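Novice: Supplied in structure tokens, the structure appears directly below.
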Amino acid sequence: MDKKTIIVTGGAGFIGSNFVYYMLKKYPNYRIVCLDALTYAGNLSTLEKAMKKENFRFVKGDIRDREAVDNLFAEEEPDVVVNFAAESHVDRSIENPQIFLETNIMGPEVLMEACLKHKVGRYHQVSTDEVYGDLPLDRPDLFFTEKTNLHTSSPYSASKASADLLTMAYHRTFGLPATISRCSNNYGPYHFPEKLIPLMIINALNDKPLPVYGDGKNVRDWLYVEDHCKAIDMIIHADCVGEVYNVGGHNEMANIDIVKLILKELGKPESLITFVEDRKGHDRRYAIDPTKIKTQLGWEPETKFTNGIVKTIKWYLDHKDWWEEIISGEYQKYYEKMYGGK
Ligand code: NAD
Ligand code: DAU
């Protein structure tokens, strides 16, 4: 098996960390370097097992820091860069758009400049189905394809769409060997407890109210995180520079049904459900058409939602330490001690 060095940005977050573990397991010959700024969403304890591997390196750094990125690329000479680093929570982007523009647009620009300078063989931008806006609930025949117009609703999705446009511009104008994946909602281990599924699991376990936005009928298309990792692995190893791939498993669920399912699995009462004010600009329905990645690369999701959600709930039950530390803010105190001022 050939050797590669892959820089994974945002690898201390939810999907990035799952990708680190997926790659370390599948490619023991590869060197995996994680660059992460450890924002509130990054968690070093998530990478504890990876840290024990000789072919893994963690670097605390910001993708917007041109000099630090340039130095790291000079030192590591990566073959591939996969950019997961982002501000990822829609609600936070409504509260404070600025950091979303800085991280999600300027960050990729810094990374792509470094890729050009250091002749990196592939830059992969991890994007989202949210760049397509939303679909109506009464048209179940409609799906997002790669040809659907970009049509964004939140500062988050606008920043991700901007990064996609910039990535394609770098490909066309400067010949950057780039690819993009646009995935639907992920769920699974290490999902930060501000997002729907982990928040509902944890609140239910703590007998706290489960806040459902609006009427709870908004639909998301859920994919087990490992299936997303598999898709990215296939894309970065395929001869498909300049291509965009939608990733999703045809698994549409209304929020309220997910919440009820979680309560049922945990044996908690539905009286914990509390309908709260709707999210501003709340997208109604997301639904991916994954035909292109299936036919061109042979990607298929492996985990069915019914199994994946049970596995995920079990993971949260078995990893109370992980999320209790986050909720209590202990891990932020730890960073302050470890990296304070750096
Ligand atoms: P996350 O919020 O859990 O993790 C983001 C990570 O990026 C954190 O570790 C954080 O510390 C790091 N980071 C943030 N700003 C940084 C910066 N300036 N420099 C370096 N590191 C920085 O996010 P996630 O849910 O794992 O999402 C990862 C990527 O996948 C994002 O680009 C997101 O847009 C995309 N995506 C997410 C989903 C989903 O369902 N979560 C679906 C499709 C696409
Ligand atoms: O579709 C991909 C996107 O999925 C990613 O690009 C984003 O990074 C990721 O955060 C996710 O965005 P969503 O906004 O869909 O995920 P979130 O978990 O925030 O919300 C899922 C749905 O649940 C959405 O309709 C809002 C609703 N919701 C969410 C929370 C946090 C609630 O009803 N109550 C809540 O407390």
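Novice: Can you confirm whether S162 is outside any loop (DSSP other than H, G, I, E, B), of a type outside the set (K, R) and within 19 Å of N186 (Cβ to Cβ)?
Specialist: Values: outside any loop (DSSP other than H, G, I, E, B): yes; of a type outside the set (K, R): yes; within 19 Å of N186 (Cβ to Cβ): no.
Here the answer is no, as S162 does not meet what is asked.
Novice: Keeping to region 32-48, report how many residues are more than 11 Å from ligand 1 (Cβ to nearest atom) and within 24 Å of D79 (Cβ to Cβ). Let's see the steps before the verdict.
Specialist: Just the residues of region 32-48 that are more than 11 Å from ligand 1 (Cβ to nearest atom), to begin with: 32-33, 45, 48.
From the residues that got through so far, the ones that are within 24 Å of D79 (Cβ to Cβ) too are 32-33.
Final tally of qualifying residues: 2.
Novice: Under 8 Å between Cβ atoms, at least 6 apart or on separate chains: pull out the pairs that start in region 53-79 with a residue that is at positive phi and surrounded by fewer than 18 Cβ atoms within 10 Å (Cβ to Cβ) and end on any residue that is at pLDDT 95 or above and not aromatic (F, W, Y).
Specialist: Close Cβ pairs (under 8 Å, with a partner that is at pLDDT 95 or above and not aromatic (F, W, Y)) amount to E77/T5; E77/H118.
Novice: Residues that are under 16 Å from the mean Cα position of the chain (by Cα), among the hydrophobic types (A, V, I, L, M, F, W, C) and within 27 Å of K294 (Cβ to Cβ), at least 2 per element: which strands (runs of 3 or more DSSP E) completely within region 166-280 meet that?
Specialist: Working: elements: 178-183, 210-213, 219-221, 244-247, 252-254, 273-276.
The strands (runs of 3 or more DSSP E) meeting that bar are 178-183.
Novice: In region 187-216, what residues are of a type outside the set (A, V, I, L, M, F, W, C) and either crowded, with 22+ Cβ neighbours inside 10 Å or more than 9 Å from ligand 2 (Cβ to nearest atom) (or both)? It would help to see each step written out before you state the result.
Specialist: Applying the first criterion (of a type outside the set (A, V, I, L, M, F, W, C)) to region 187-216 yields 187-191, 193-195, 198, 203, 206-209, 211, 213-216.
Passing the criteria: Y187, G188, P189, Y190, H191, P193, P198, N206, D207, K208, P209, D215.
Novice: Here is a follow-up. Condition test on E95, is it within 16 Å of ligand 2 (Cβ to nearest atom), among the acidic types (D, E) and closer than 26 Å to M234 by Cα?
Specialist: Numbers: within 16 Å of ligand 2 (Cβ to nearest atom): yes; among the acidic types (D, E): yes; closer than 26 Å to M234 by Cα: no.
No; evaluated as a whole, the condition is false for this residue.
Novice: Run down K333, K294, K342 and say which single residue is at pLDDT 95 or above, of a type in the set (K, R), open to solvent by 60 Å² or more (accessible area, probe 1.4 Å) and more than 19 Å from the chain's Cα centre (by Cα). Lay out the reasoning, then the answer.
Specialist: Working: K333 fails: at pLDDT 95 or above; K342 fails: at pLDDT 95 or above.
Of K333, K294, K342, the one residue that is at pLDDT 95 or above, of a type in the set (K, R), open to solvent by 60 Å² or more (accessible area, probe 1.4 Å) and more than 19 Å from the chain's Cα centre (by Cα) is K294.
Novice: Let me ask you something else. Among the listed residues G121, G61, identify the single one that is of a type in the set (G, A, S), over 17 Å from the mean Cα position of the chain (by Cα) and within 25 Å of K292 (Cβ to Cβ). Break it down into steps so the answer makes sense when it comes.
Specialist: Details: G61 fails: within 25 Å of K292 (Cβ to Cβ).
Result: G121 is the single residue among G121, G61 that is of a type in the set (G, A, S), over 17 Å from the mean Cα position of the chain (by Cα) and within 25 Å of K292 (Cβ to Cβ).
Novice: Would you check which residues across region 124-139 are in contact (Cβ under 8 Å) with a residue 24 or more places away in the chain, closer than 22 Å to K217 by Cβ and either out of contact with any helix residue (DSSP H, G or I) (no Cβ under 8 Å at 6 or more places or on another chain) or not small (G, A, S) (or both) and list them?
Specialist: Correct list: T128, D129, E130, Y132, D134, L135, P136, L137.
Novice: Considering only region 31-40, I want to know if a residue exists there that is within 16 Å of ligand 2 (Cβ to nearest atom), of a type outside the set (S, T, N, Q) and surrounded by fewer than 21 Cβ atoms within 10 Å (Cβ to Cβ).
Specialist: yes
Novice: For region 19-30, how many residues meet the condition of being open to solvent by less than 30 Å² (accessible area, probe 1.4 Å) and over 15 Å from A86 (Cβ atoms)? I'd like the intermediate steps shown before the answer.
Specialist: At the first step, the residues of region 19-30 found to be open to solvent by less than 30 Å² (accessible area, probe 1.4 Å) are 19-20, 23-24, 27, 30.
Add one more test, that the residue is over 15 Å from A86 (Cβ atoms), and what stays is 20, 23-24, 27, 30.
Total meeting the criteria: 5.
The values are calculated or read from the model by the stated rules, or taken from the named source; none is laboratory data. Computed from a predicted model, the values in this text were never measured in an experiment. Note: ideal-geometry Cβ built from the backbone for every residue, glycine included; neighbour counts use all protein chains shown. For the accessible areas, the whole protein counts, side chains as well, though only heavy atoms, and no ligand, DNA or RNA atoms are used. Shrake-Rupley method; radii C 1.70, N 1.55, O 1.52, S 1.80 Å.
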